[in-house]
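K.L.:
Pasting in a structure now, in structure tokens, and then I'll have a few things to ask.
Only the coordinates and a few stated rules stand behind these numbers; no lab work does. Note that the coordinates shown come from a computational prediction; the quantities given were computed from them, not determined experimentally. Backbone-built Cβ (ideal geometry, glycine too); neighbour counts: all protein chains shown.
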Amino acid sequence: MVVSPTRVQDFLIDADYPAEKEDLINYAEENAADEEILDVLQRIPDDTYETPADVGEAVADLDDADIDTDILIDNEEDEEEIGY
């Protein structure tokens, strides 16, 4: 799953910073964030986020990790099909 940092920020408009991860999750829930957004916020590191940009960076890092994992899984499946 790849969720853009901008989409996450849509549910954190006017959140008070600095903010703990749990505060951001609660704020997003209060702003009707869907399960996909809440899942992303659950997966960012437990930390105090000083600015919205810090949250965006944490979300982007998750997306990068998801993409890298997807590439590895696809490569392993290709190798199995080829017989490596």
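K.L.:
Under 6 Å by Cβ, and 6 or more places apart or on different chains, what pairs join a residue from region 3-22 that is without any contact (Cβ under 8 Å) to a residue 40 or more places away in the chain and at negative phi with one that is in a helix (DSSP H, G or I) and surrounded by 15 or more Cβ atoms within 10 Å (Cβ to Cβ)?
P.N.:
So the pair list comes out as F11/A28; F11/I37; A15/Y27.
K.L.:
Looking at L38 and the list (1) exposed (fewer than 13 other Cβ atoms within 10 Å of the Cβ); (2) within 13 Å of the chain's Cα centre (by Cα), which single condition is not satisfied?
P.N.:
(1)
K.L.:
Here is a further query. Those residues that are surrounded by 11 or more Cβ atoms within 10 Å (Cβ to Cβ) and aliphatic (A, V, I, L, M), I need them from region 17-35; list them, please.
P.N.:
The answer is A19, L24, I25, A28, A33.
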